[in-house]
1. Find, among the chymotrypsin sites (Phe, Trp or Tyr not before Pro) in the stretch 227-269, those assigned to loop by DSSP (not H, G, I, E, B) with at most 14 other beta-carbon atoms within 10 angstrom.
2. Angle between the Cα long axis of helix 206-226 and the longest principal axis of the chain, 0 to 90 degrees, nearest 10?
3. Once you charge only the Cβ atoms, +1 for Lys and Arg and -1 for Asp and Glu, what is the size of the charge dipole of the chain about its Cα centre, to the nearest 20 debye?
4. If you roll a 1.4 Å probe over the chain with all protein chains in place, what percent of the accessible area is carbon or sulfur?
5. Output the peptides 146-152, 53-59 sorted from most to least packed, where packing is the average of other Cβ atoms within 10 Å over each peptide's residues.
6. For the chain, what relative contact order do you get, as a whole percent, if you take Cα pairs closer than 8 Å and at least 6 residues apart?
7. Using the scaling law 2.2 N^0.38 Å as the reference, what is the normalised Cα Rg of the chain?
8. Rounding to the nearest 10 and keeping the result within 0 to 90°, find how far the Cα-based axis of helix 305-314 lies from the longest principal axis of the chain.
Amino acid sequence: MQTIPVRLAHAEYDIIVGPDLLQNLEEHLKRAGLSGPFLVISQPRIFKAAGQFLKKRFPLALIPDGERAKSMTTVTRLLDRMAALNMTRQSTVIAFGGGVVGDVAGFVAAIYMRGVSVVQAPTTLLAQVDSSIGGKTGINFRSVKNLVGAFHQPRLVVSDSTLLRTLSDREYASGLYEALKYGVIRDAGLFESFVDGIQPLLTREPDAVGRLVSRCAAIKAEVVAADERESNLRRILNFGHTVGHALEAAGNFRRLKHGEAVGYGMIAAARIGLALNRVSQSDAERIESAIALIGRLPSLEGIKLRPALHALQHDKKIRDGAVHFVLPRGIGCVEITPDVPLELVRETVKALIHESKNRR
Ligand SMILES: NC(=O)c1ccc[n+]([C@@H]2O[C@H](COP(=O)([O-])OP(=O)(O)OC[C@H]3O[C@@H](n4cnc5c(N)ncnc54)[C@H](O)[C@@H]3O)[C@@H](O)[C@H]2O)c1
Ligand SMILES: [Zn+2]
């Protein structure tokens with residue numbers, strides 16, 4: 001078991017990573033000083049695939065499957081259930097699921113009695129390397145993703161590598177793209193070991209996955225600690241997310257998984273960095289090759305350029321015909337550039353869509 005301490009101005013917690021950690025969840029809760037009543041929040045599909053062993057150990061609230069669960073209706077129902085269970089300020093919510101469960105459960109924990117403890121027990125690779133850490137919680141509102149939310153840090157993150165066995169190949173790969181991001185933005189060693197050790201990662205060899213999750217979690221923890229509320233440094237975590245979000249939104253958040261969109265977004269950032277002479281050709285190519293090692297990204301067929309650019313505008317990333325971008329400088333180092341010409345972004349996204357059509 002690896003322990004990664006997160007030290008923030010007003011909060012401290014541990015991220016623990018390893019196989020079979022949830023078998024002893026009660027012990028980990030106790031060590032973190034957490035007391036009941038507890039409420040496990042999960043989704044039916046996840047609980048059926050990976051959560052049976054938690055049955056009867058804790059009260060359980062199931063929210064609908066999928067992204068649609070990030071709604072005010074779910075929040076109201078959960079608050080109802082918490083009140084019915086007489087949960088007090090001392091009680092603890094346990095989020096057992098991917099980013100969707102983590103975001104909703106974190107949000108109800110943030111607002112119930114002005115805040116109760118939340119433990120994140122992420123069940124997707126994406127949630128283990130990213131969404132369970134950092135305290136961003138929220139729901140979608142009026143069809144806008146994450147429009148309503150709060151910062152609410154977890155009291156403990158338990159990343160159990162055993163849970164990832166039941167993930168589909170596509171969901172698992174989606175997490176690998178997001179994990180690779182950490183190598184590019186901050187850790188050349190991580191990037192190298194990702195590329196050299198891709199086989200055991202693809203076959204989900206528990207030690208290899210555990211090492212990857214620990215390293216990514218440590219980087220996210222360090223960046224979040226330096227910039228809790230995303231004013232500056234934390235923005236480097238958005239590498240691959242400018243074009244990524246645009247493609248995700250243009251596909252109505254259904255065509256692409258988040259990590260896949262980030263995969264495309266990182267290719268776009270590498271190409272834009274190269275066009276602007278910020279990164280060498282060989283490093284830009286190494287980034288693209290590493291993304292390809294994870295597997296073929298799904299086709300962008302049906303995703304249109306115009307809505308993608310519209311989404312960029314909506315993200316407020318465009319100002320005076322220029323786009324705010326995180327660009328690679330090399331492997332392990334990025335820079336935030338406020339003045340990437342919109343035209344270059346347009347051409348890059350257009351080329352990505354075109355290439356993926358011709359690849360069929
Ligand atoms: N708070 C943050 O900082 C942050 C960061 C990134 C993303 N997010 C949010 O996270 C969400 C995406 O998270 P995600 O990619 O984890 O998706 P998700 O939570 O929807 O889970 C993906 C799929 O995997 C299935 N699944 C999950 N765990 C499983 C398991 N162990 N075995 C079998 N199937 C399993 C789920 O049923 C679902 O179909 C989005 O809503 C996004 O906005 C939040
Ligand atoms: Zn992401």
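The values are calculated or read from the model by the stated rules, or taken from the named source; none is laboratory data. Everything numeric here is computed off the predicted structure, so don't read it as measured data. All Cβ positions, even for glycine, are placed from backbone atoms using ideal geometry, and neighbour counts span all protein chains on display. In case anyone asks, the SASA skips ligands and DNA or RNA and just uses the protein heavy atoms, side chains included. Shrake-Rupley method; radii C 1.70, N 1.55, O 1.52, S 1.80 Å.
1. Working: sites: 239, 253, 264; in loops: 239, 253.
Listed in order of number, the matching sites amount to none.
2. 80 degrees
3. On the way: 47 positive and 36 negative charges, 230 e Å.
With only Lys, Arg, Asp and Glu charged at Cβ, the dipole is about 1100 debye.
4. Numbers: 8000 of 16000 Å².
Carbon and sulfur: 50 percent of the exposed surface of the chain.
5. Working: 146-152: 15.7, 53-59: 13.3.
Descending packing order for the listed peptides: 146-152, 53-59.
6. Numbers: 675 pairs, mean separation 53.4, N = 360.
Relative contact order for the chain comes out at 15 percent.
7. Values: Rg = 19.9 Å, N = 360, 2.2 N^0.38 = 20.6 Å.
Cα Rg divided by the expected 2.2 N^0.38 Å: 0.97.
8. On a 0 to 90 degree scale, this one is about 60.
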